[in-house]
Each structure stands twice: as C-alpha cells, then as structure tokens.
1. Under a Cβ-only charge scheme (Lys and Arg +1, Asp and Glu -1), can you give me the dipole magnitude of the stretch 190-259 about the Cα centre, in debye to the nearest 20?
2. Quick one: pull the percent of accessible area on the chain belonging to carbon and sulfur, 1.4 Å probe, ligands and nucleic acids left out.
3. What is the Cα centroid distance between the stretch 329-403 and the stretch 175-201, reported in whole angstrom?
4. Quick one: which of 112-119, 32-39, 157-164 comes out on top by average Cβ neighbours within 10 Å, and what's the full order, highest first?
5. Pick out the long, greasy-scoring helices in the chain: whole DSSP H runs spanning 24 Å or more along their own axis by Cα, mean Kyte-Doolittle at least -0.5.
6. Taking only the alpha-carbon atoms of the stretch 285-328, what semi-axes of the equivalent ellipsoid follow from 5 times the gyration tensor eigenvalues under a square root, in whole Å, largest first?
7. Assuming R0 = 25 Å, can you tell me the calculated FRET efficiency for the pair Arg199 and Arg154, based on Cβ-Cβ distance, to the nearest 0.05?
8. Need one number: nm distance between label points at Ile221 and Asp63, each 7 Å from Cα along Cα→Cβ, rounded to one decimal.
Amino acid sequence: MDHGWDWLGTEGALAAWQAACDIDGTLRHRLPGAEGRFAVVQPGRAITLDLRDGQVTLSEGEDAPTRFAASAASWGRFLQPIPARHHQNLLAMRMRVADFSAEGDQLAWAQHVHLIRRVLDIGRWLARGERGPAPASLRPRLGTPKPCPPAQGRYVTVRAQGRDYVLYGESSGTGRPILGMHTAGSDSRQFHRLMSEQRLAEAGYALTTFDLPGHGRSPAIVEPGAWRLTTDLYAELILGFREAWGFTGNPVLLGASMSGEICLEIALRAPERFAHIVACESSEHIEGRRTPFPDHPRVNAAIFTPEWIEGLMAPQSPAECAAEIWWHYSQGGCGTFPGDIHFYSGDWDARDRVHRIDTSRCPLTMLTGEYDYSCTAEHSAETAAKIQGARFAMMPGIGHFPFAENPALFTDHLLAALGNGPTRS
C-alpha cells in the first residue's frame, strides 16, 4: 500500500522539501507577485503551501482557502516515479479520480496553477528518494534534438461559410500524402518532430499540415477574442484546404483532440476524399472541458492555458516535446483556445450520427493515449464500437497530443494503423 504524503513524517523530510523549493530556479523566477495559500490533504496528514513575498513556505496543517484532498492511495499514485494513469496532474485527478476534490478559491488556483505544479513536482522528486535540486522537468530527456527536415510552406485561399480564408500550409517529404491537423489553440508546428521521423519517409509518406484562421501563421479573420469554431466551418475549411493545396491522390487524414473529432465528421461527410482516416483522442462527444479562465481578466492566459493542457500529456513523454507543446499554447492568440474549445466540448456532438460512418468508403482507425484524461481510451472505444468496421487501439505511455508529445512512439502506432508495421506494446 502506498501511503501518499506520509513520507513527510520521516525526520527532516519537510525541511528537505522546503530547502529544495528555496533553491529552485523555476520558483525563484516565477514566485514574485504570487499571493496564495493552498493545502494538500489526505486523512491524517495535511501540508500547506504558502506562496507570497517571492517565496514558498511549507508547513504542517490545512489552514488554507483552497484545498486539494484525496485518499492516501490516490496521493501515492500521484507521487510514483511514473504517476498512475489520470494521477499525473491535479487537473487530471479532479476530472477522473473519484476521491479527489478541489475546494475553495478556484480563481486563486488558476492564477497559481504553474507554481503549485512546480512545488508538487519538487515533492515528487524527493518522495522517490532523490536528493539535490530537482530538474526543470521530471520527464525523461531526448538528448540530442532532431532538426525539422526542410518544409515548403505557402498560403492558399479557401472558401468556407460564404467567405474567403487565407490559410498557411507546409509540406515535408515526398510520397503518399498525410494531411495532419493541429489541436485546439495550437498550430502546425506540432508536426515538425513527426516530420523528422525517418521511418515515415522510409514507409513512403509525406506530411502536410496547415494552420486554422488566426492560428500560427494564418491571418486572423475576426477581432481578437471573437473566434468561434463550429463543426460546419471546420469541415469546410479542411475540405477547402484539401482542394486548394492540390494533393496528388487522396491523402490520409490525421488529427487528435478537436482535430480527431472533426476526423469523424469528415468520415461522415466526405470519406471518398481520403485514403484513410486516423482519428486520435476522439469520441462522439466530450463534456467538461470548457473553462472561463483563458478569458478571465485576472488570469494570465499565456500561463493558464498551457497549464490547463500540460497534465494531458503522459509523464513518459520527453521533456523537450512537452516543453514545445507548452510553449505553442503559451503563444496562442487571444481567444483562440476558448474559441476552439467551443467546438471541442460544445458544438461537436455526433451521438445521433456517428453510427452512420461507412468504413467501406474509407478505412477509419481510432487511437487514444493511455494518459488522456479529457477523451479517455474508454470514451474512444465506446465510440468505435458504434461504427461498423472501425478499428480502435489504446496507445500505452502516450497522452492527448500523440504526434507532438512522443512522435517516435506515435510513429509505431501510425504505421501500424496504415498497415506498415506492428504497434509497440
């Protein structure tokens, strides 16, 4: 039995955690201006994190306006060197762990979410028996980075919903085309590391991606903060880009999260325009992923938004990949992320239609990461079971952003889906 925060009962443990926080470079840089008090609670033990005056003070007790409570067993899974599924982050636990609760000032949590995560990461580092300063990320490191291969980019004009949109697209490699679509609030840079996977080229595939309006290098078409993505607009933009880009032959359509959802819509509307549809992290409907804080006047959206999605990644995913995803989300335009989530966890609802997908017109594969707590593997499997001929597989050790957070591992699953190799267990 894992006893959660009981490791702090050993002599000198709390003092060691305090000392590690005092010397931490990340906290030293980010703590100035913080003012919040939070408690981590399990039966029989509670620790308070007081963030103010440019420092963090740890103490026994739960005298705090915001409390995170769970059983010792759940905290034990949270503190494991590789946290258990859906225990990797407080946001994951709030959504998927039955005995977890977050009570009190939710605005204060949103304002300090990055600091709370860092203090708890330092606690994780020490709980596993490590000593000395905690690394900037507890995720494994890639080491030597892979440069993005040469990509050719250009702008195309697409007609959708009665108006013209200018979209930026780029392509790398030669061979059978794959059209990759970025996730909510991000852009096509998410595919640069997948473009570097030599096995994709060796299997004869080329990768093309594009930025939605107001994302990445595509110009905005509305006032900042006014973007709202709908199912009809999204589908027309994708089909319009496919025609405007001028593919030789039908491409494979690849997406994850909101772009995985729209893959299912395209499978309904225009399956004959694609050679295979690979819908990752997708299901017929997702609830509970809309939050007011990316648009809140007292919350820094450039910090909150990437933190909102940080815990969606698997703890095994490389630190460099996770940092890039965080950074892409930090750079998202005003209102871009909540405007996309309007589609992802609102406008998108195919519960009465998804069973009509005809996989004899285009093969459909659904892949979902083990650690995804938004669209869980169970959600995706239930949707796939309603579609005759659809194939589903869970991807162990991957989260919500498969092609960006762990492109090498995801390449195994993608090639297996396309009939070019086995899936790694």
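1. Values: 5 positive and 7 negative charges, 34 e Å.
It works out to roughly 160 debye.
2. On the way: 8350 of 16640 Å².
That share works out to 50 percent.
3. 17 Å
4. 112-119, 32-39, 157-164
5. For the chain, where a helix must reach 24 Å along its axis and average at least -0.5, the hits are 106-127.
6. After scaling each eigenvalue by five and taking roots: 21, 15, 7 Å.
7. Working: r = 27 Å, r/R0 = 1.07.
For Arg199 and Arg154, the calculated efficiency is 0.40.
8. Label-label distance for Ile221 and Asp63, simple model: 5.7 nm.
The values are calculated or read from the model by the stated rules, or taken from the named source; none is laboratory data. Here the structure is a predicted model, which is why all the values come from computation and not from measurement. When we count neighbours, we look across all protein chains shown, and the Cβ atoms used for this are built from the backbone with ideal geometry, even at glycine. Calculation scope for accessible area: heavy atoms of the full protein, side chains included, ligands and nucleic acids excluded. Shrake-Rupley method; radii C 1.70, N 1.55, O 1.52, S 1.80 Å.
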